Structures are given as C-alpha cells and as structure tokens.
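Colleague: Have a look at this one.
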Amino acid sequence: MLPPGSTIGMLGAGQLGRMTALAAARLGYRLHVYAPDAADSPCAPVCARATVAGWDDRTALAAFAAAVDVVTLEWENVPVDTVEFLAERVPVRPGAAVLAVTRDRIAEKSFANGLGIATAPWRPASGPGDVALARDAIGPHCIVKSNQLGYDGKGQARIGPDTDIAAAWRSIGSDSCVVEGFVDFTCEVSVIVARRGDGAMAVFPTVENRHRNGILDRTLAPARVPPATAAEAERVARRLADALGVVGLLAVEMFVTKDGRVLVNEMAPRPHNSGHWTMDACATSQFEQFVRAICGLPLGSTDLLMEAEMENLIGDDVERWAAILAEPDARLHLYGKAEARPGRKMGHVNRVTPRR
Ligand SMILES: Nc1ncnc2c1ncn2[C@@H]1O[C@H](COP(=O)(O)OP(=O)(O)O)[C@@H](O)[C@H]1O
Ligand SMILES: [Mg+2]
C-alpha cells in the first residue's frame, strides 16, 4: 500500500490527469506529471511537479522514475519502450501488457472474443482490397477504423454498399485498420471497473452514452436499460478487467442491440469521459477510485447517490459557463484550456437530481 504523502507519477497531461491530480491531492498524495506538452497543459497548474520531456528522453525518464513512488497514465498510447524503461525502475500501473491490448483494436477485440465476449463482427484490413472482402463477409454497412491512435471518432470511415472504398481508405491514413459491422444499436453504454493489484474490484453502475459527431456529448447515469442488461454490461466489464489483470481503472464501451445483447466496442485502461458524472453523483469519483486502486487502498463505494446527466462542453460550448453556474442543479468543471478550438473538450457539467 502506498500511503498518503506518496508521489504518483502520471504520463500524459490532459484533463484526465488534471482531475486525477485534484482527487489525489484531496487524499494527501502528490502528482508529478510527465509529458512532452506538460508545460502549458491542464495538469501543470494543479500538479506538484511537471516534467516537460519527450517519451524517448531516457535521462528525464530515469529522473522521473526516481522521483515518484508509482507511475500511471491518462493516455494508453504512451510508447511501449517508455513504459518498459520506467517499469524496470518503478511500478507502472496498469502495466505494459494491459496497454498492448487496449491500445490496439485488433488485440482488444481478439482478447474479448477469446473470453467468449461478443463484439460486432470484424476483420483486420491492411488495404482497400481487404475492406471490400470484409464488406462482402460482414454485410453492406461497415465502419473502418484505424487499428491504433483513434479517438473521438477520428481515424474512422463509414462504408455503405456504394462507398468508394479506395477513397475511404485514404481518408483514414493508416495501413492497419479493422472493418466492423455497423451495429444498429438501441443505445451505447459503458462501465468503469476499478481493480487493485490483489484482485479486489469495484464496479460503477452502467451508464448510457450519447455521441454527437463521433464525440461523447452526454452520459446518463444510470443507463435507461433493463436491469438484466445493466447487470450483463457490468459482468462483461468485470470479466475483462480481471482477465487483463488491470491495476487501476478499466472503462468498457458497449453497444446494446435491439434484441438485448451487449457487444463490446472498445476499452480504455484509465479514467474515462463517461465516468465524469461520478464526481458529483457517486459516493466515490472515478478519479479518487483510480488513486485508491493504483495505491492499493480500500476501494470506495460506487453507489449512485443522485441521478446525473453529464454534458461535455466542446469548443465554443464553454462560453455558456456563466449561465451554467446560474443553474441550481449544475456542477461545472472546466479544464483550464486557453483556446476553445472546435472539437476540443473544454470542460463538462454534471446536472444532478435526487434519485427517483
Ligand atoms: N460498429 C459500429 N456500429 C455503430 N456505431 C459505431 C460502431 N463503431 C463506432 N460507432 C460509433 O462511433 C463512436 C466512436 O467509435 P469508437 O469505436 O468508440 O472510437 P473512438 O476511439 O473514436 O471513441 C461510437 O461511440 C459509436 O457511436
Ligand atoms: Mg469510443
């Protein structure tokens, strides 16, 4: 167990790191962030220390490892070499094996399917010819996704029966992709599981996610799905976290189909945008739970105390901050980013109401 007063090293310096730093501080921990862009980041103003250095800067990495008691991350795409170099010097939670699965859609889907957990039908593709063959096998409506480094709907193309596949392939700009059958879902849900090194787990209730332009727009907690569906989503998430041996958090995004099945879409081994509602409506926030899990502390209660709707503030949405502050049930969270570019996550608001 790492007691309060310890220093948590964080790879990546965005809003997830910022909110982790705030939760860590409340429990008496210090957060030391490391990222190439840490200087002018959401983390810098709320962290005990920030190292601004490249992922391949071995001198800076060694000094960072010596200065912290444990390393975690808010971004699963940190280079493998970086993680392995650090892991020789200090515990890294979650570890390289978890990252290898969750940063790569082919590995992720293979892992889930290997446990008997359903996904949309999918095929790997390394060129437009593979996409055409996959469409023949899967059906006329598909989505092609870059295998790595996609987020907020980036690196994806929808394919229909008449789509110019060569043009769609070029628009993605990756030579390793997956082709997935388009799921005509009734809703999207997600579950966040916390897991400690000794295998203890705690699961947050299933929530419902609505996207706009490929970016999460709103999360409704709890999800408006039958109890059996919510329970199945939670079972799947626990099974994945346990089989992966995650230490920290695992967020699992899923589709609920018209016939009530739950299909895994993707996973992230860190706090997740669809867990921001926990900050104001749960006994323990996902960020505090993350700190508890990586430090080996007792996990907190995941009981939902209030009903919540989280709205992301994207780009210019943030200009509504004063009106949001005037709403009695709204809890505003801003990330301190200077420039509100289109598509950029600037903050979020949790609207909470007593449980019905
Ligand atoms: N196979 C699919 N069928 C239907 N909608 C999909 C499918 N895959 C992705 N989507 C939609 O696109 C969104 C973003 O895709 P996702 O795979 O989660 O990538 P990202 O890493 O960008 O979040 C999903 O939340 C969902 O709304
Ligand atoms: Mg997603």
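The values are calculated or read from the model by the stated rules, or taken from the named source; none is laboratory data. Quick caveat: nothing in here was measured; it's all calculated off a predicted structure. Glycine gets a Cβ as well: all are built from the backbone with ideal geometry, and neighbour counts include every protein chain shown. Just the protein is used for accessible areas: all its heavy atoms, side chains included, with ligands, DNA and RNA removed. Shrake-Rupley method; radii C 1.70, N 1.55, O 1.52, S 1.80 Å.
Colleague: With a Förster radius of 51 Å, plug the Cβ-Cβ distance of S6 and D164 into 1/(1 + (r/R0)^6) and report the FRET value to the nearest 0.05.
Modeller: 0.40
Colleague: For a distance above 35 Å, tell me the whole-number percent of Cα pairs in the chain that qualify. All intermediate terms of the calculation are to be shown ahead of the outcome.
Modeller: On the way: 13735 of 63190 pairs.
Percent of Cα pairs beyond 35 Å in the chain: 22.
Colleague: If you wrap the stretch 7-92's Cα atoms in a convex hull and average its projection over all directions, what's the area in nm²?
Modeller: On the way: hull surface 18.5 nm².
It is 4.6 nm².
Colleague: Summing Lys, Arg as +1 and Asp, Glu as -1, what charge do residues with Cβ under 10 Å from the Cβ of C295 carry, C295 excluded?
Modeller: +2
Colleague: With no solvent and one equal point scatterer placed on each C-alpha of the stretch 187-354, evaluate the Debye formula and give log10 I(q)/I(0) for q = 0.12, 0.19 Å⁻¹, two decimals.
Modeller: The Cα Debye sum returns log10 ratios of -0.53, -1.22.
Colleague: A follow-up question, please. With each label point set 7 Å from Cα along the Cα-Cβ vector, what nm distance links D198 and A48?
Modeller: My value for the distance between the label points is 2.4 nm.
Colleague: Please give the length that would be gained between F182 and A25 if that part of the chain were fully extended, namely 0.36 nm times their separation in residues minus their C-alpha to C-alpha distance (nm, one decimal).
Modeller: Contour length minus the Cα-Cα distance gives 52.2 nm.
Colleague: Need one number: nm distance between label points at L149 and D303, each 7 Å from Cα along Cα→Cβ, rounded to one decimal.
Modeller: About 4.6 nm separates the two model spin labels.
Colleague: Select from L61, N77, A233 the residue farthest towards the positive end of the dipole of the chain; place +1 on Cβ of Lys and Arg, -1 on Cβ of Asp and Glu, and compute about the Cα centre.
Modeller: Positive-most Cα among the choices belongs to A233.
Colleague: With the other protein chains left in place, how much accessible area per residue, in square angstrom, belongs to the stretch 117-161 at a 1.4 angstrom probe? Don't skip to the answer; put the middle values down first.
Modeller: Values: 2190 Å² over 45 residues.
Value returned for the stretch 117-161: 49 Å² of accessible area per residue.
Colleague: Give the average over all directions of the projected area of the C-alpha convex hull of the stretch 256-356, one decimal, in nm².
Modeller: Across all orientations, the stretch 256-356 yields a mean hull projection of 9.1 nm².
Colleague: At 1.4 Å probe size, with the rest of the protein present, what percent of the exposed accessible area of the chain is carbon and sulfur atoms?
Modeller: 51
Colleague: What is the sum of charges around C47, taking Lys and Arg as +1, Asp and Glu as -1, for the other residues whose C-beta is under 9 Å from the C-beta of C47? Intermediate results must be reported in sequence, preceding the final value.
Modeller: On the way: positive: R18, R30, R49; negative: none.
Around C47, the charge tally is +3.
Colleague: Could I ask something else about it? Quick one: if the Förster radius is 25 Å, what FRET efficiency do A231 and H211 give, using the C-beta to C-beta distance and rounding to 0.05?
Modeller: Approximately 0.55, to the nearest 0.05.
Colleague: Can you compute the FRET efficiency between D40 and A322 using 1/(1 + (r/R0)^6), with r the Cβ-Cβ distance and R0 = 22 Å? Round to the nearest 0.05.
Modeller: 0.35
Colleague: Related question: Length gain on complete extension for the stretch D329 to E84, per 0.36 nm per residue less the alpha carbon to alpha carbon distance?
Modeller: So the extension gain works out to 83.7 nm.
Colleague: Using Cα centres only, tell me the gap between the stretch 283-356 and the stretch 247-261 in whole Å.
Modeller: Comparing the Cα centres of the stretch 283-356 and the stretch 247-261, I get a distance of 21 Å.
Colleague: Where the only charges are on Cβ atoms (+1 Lys, Arg; -1 Asp, Glu), what is the dipole of the stretch 7-92 about its Cα centre, to the nearest 20 debye?
Modeller: That gives the stretch 7-92 a dipole magnitude of about 440 debye.
Colleague: Still on this structure: Suppose we take every Cα in the stretch 121-181 and form the convex hull; what volume per residue is that in Å³?
Modeller: 66
Colleague: Want the number for A243 to A97: 0.36 nm per residue separation, take away the alpha-carbon distance, what's left?
Modeller: Length difference between fully extended and current span is 51.4 nm.
Colleague: How much accessible area per residue does the stretch 1-115 have, in Å², with a 1.4 Å probe?
Modeller: 40
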